[in-house]
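Note sheet for the following structure.
The values are calculated or read from the model by the stated rules, or taken from the named source; none is laboratory data. These numbers come from a predicted model, not from an experiment. Counting neighbours? That spans all protein chains shown, and the Cβs are built from the backbone with ideal geometry, glycine included.
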Ligand SMILES: *[C@@H]1O[C@H](CO)[C@@H](O)[C@H](O)[C@H]1NC(C)=O
């Protein structure tokens, strides 16, 4: 990301803020008059012909338990040593968190009782932009690299390219990945049309350029499982291996692809109408998935304006309420940890009593002791 690192300050007194489409639009237009002509000129380009607006959540689901101030009590880990740590993979045996940074480094962060004791190691630089991460049984790291495709990094730190295209159509934003019990790798290409530098346009354009695929390490073959996805993102294999969950960021939903049973090869609902835009998803044990939530849902009318302003001025900060959503095996919402001050949280994993969060823009990992700061019944 070309974005500069977001500053992280303790939460100031928040004015209750409602995003009214009209007032925000007016504000943007008044604040960026230069953009106005461009907005009018380019409006047509972003008319979203195929975008199934009807499928966008009209009413988003809310979790029965929330912690809406997750910054309170949360600690900063590896401060200044990990920039844009997008996804996290936990190596239980070594008590290490792998994370991929915007400078191409995959770093290893030790898990310690005190955040001050954690050590950060520059492990391997892919030369691209490591996003989704998953460990194979053998301990090798599988990487969805936004720039380079699907990679494997061996314990000897050798980077192997596994796949960069399917049926002649190159991946442009390899994004999420997970590995099944049998070794099959499931992964997404968020977009064949836009690369990472331009990911915001893909989201704004709202056309389905995403694919969900599998890679068989024995045959080295890529199989297309689903296409025409709206920014296909995080991937997580169910603990019973019956299906794989994948997130579609722009549609605020996660779906499942059946691997077994009478619905094998079909797609079903998993978690629709999410209260925000999902990024990575991880199965964290005890019947729970953690979904990294980049932001609350941006009203559709803002999408277009934002795209215009981004193109001709700079990217407006529309994201807020980033955090981690906890859903159960059936995709039902359980807990929601978020904060108005947090944006572009991309990943959440569970280590001991902590949620560890990755993000696209912060120069640290965030962790929260959920025993001490739990989500509480919302009413
Ligand atoms: C990848 O995305 C960039 C723009 O973000 C585009 O210029 C390029 O043509 C795309 N690559 C392919 C193979 O379509």
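Contact map, the range 190-212: first residue over 17 Å from residue 145 (Cβ atoms), second residue assigned to a helix (DSSP H, G or I) and within 9 Å of the ligand (Cβ to nearest atom), Cβ cut-off under 8 Å, separation 6 or more or different chains; pairs are 193/202; 209/202.
For residue 110, the stated conditions do not hold, so it cannot be described as crowded, with 20+ Cβ neighbours inside 10 Å and in the same structural domain as residue 257 (by TED's automatic domain parsing). Every test in (1) surrounded by fewer than 19 Cβ atoms within 10 Å (Cβ to Cβ); (2) touching a strand residue (DSSP E or B) at 6+ places or on another chain (Cβ under 8 Å); (3) not in a loop (DSSP other than H, G, I, E, B) is passed by residue 177 save one, and that test is (1). Being free of Cβ contacts under 8 Å to residues at least 60 places away in the same chain and touching a strand residue (DSSP E or B) at 6+ places or on another chain (Cβ under 9 Å), is that true of even one residue in the range 73-90? The answer is no, given that none of the residues of the range 73-90 is free of Cβ contacts under 8 Å to residues at least 60 places away in the same chain and touching a strand residue (DSSP E or B) at 6+ places or on another chain (Cβ under 9 Å). If you check residue 157 against the conditions, is it farther than 19 Å from residue 347 by Cα, part of a strand (DSSP E or B) and modelled with pLDDT of 95 or more? For residue 157, the condition - farther than 19 Å from residue 347 by Cα, part of a strand (DSSP E or B) and modelled with pLDDT of 95 or more - is not met.
Residues in the range 177-189 that are in contact (Cβ under 8 Å) with a residue 60 or more places away in the chain and more than 21 Å from the chain's Cα centre (by Cα): 1 in all. Please work out if residue 138 is free of Cβ contacts under 8 Å to residues at least 60 places away in the same chain and either out of contact with any helix residue (DSSP H, G or I) (no Cβ under 9 Å at 6 or more places or on another chain) or farther than 17 Å from residue 250 by Cα (or both). So residue 138 fits the description; yes. For the range 215-236, the set of residues classified as assigned to a loop (DSSP other than H, G, I, E, B) and either under 17 Å from residue 253 (Cα atoms) or within 16 Å of the ligand (Cβ to nearest atom) (or both) consists of 230, 231, listed by residue number. When each of 194, 186 is tested for being at pLDDT below 95 and either within 13 Å of the ligand (Cβ to nearest atom) or assigned by TED's automatic domain parsing to the domain that holds residue 284 (or both), the lone residue that passes is 194.
Against the definition (over 14 Å from the mean Cα position of the chain (by Cα), within 16 Å of the ligand (Cβ to nearest atom) and at pLDDT 95 or above), how does residue 242 come out, yes or no? Taking the combined requirement at face value, the residue does not satisfy it. In a residue-by-residue description of the range 198-214, the property of being surrounded by fewer than 21 Cβ atoms within 10 Å (Cβ to Cβ), more than 13 Å from the ligand (Cβ to nearest atom), modelled with pLDDT of 95 or more and on the phi > 0 side of the Ramachandran plot applies to no position. What about residue 256, is it surrounded by fewer than 22 Cβ atoms within 10 Å (Cβ to Cβ), without any contact (Cβ under 8 Å) to a residue 12 or more places away in the chain and in contact with a strand residue (DSSP E or B) (Cβ under 7 Å, 6 or more places away or on another chain)? So residue 256 fails the test.
Determine, yes or no, whether residue 167 is within 21 Å of residue 101 (Cα to Cα) and within 16 Å of the ligand (Cβ to nearest atom).
Against the criterion (within 21 Å of residue 101 (Cα to Cα) and within 16 Å of the ligand (Cβ to nearest atom)), residue 167 does not qualify.
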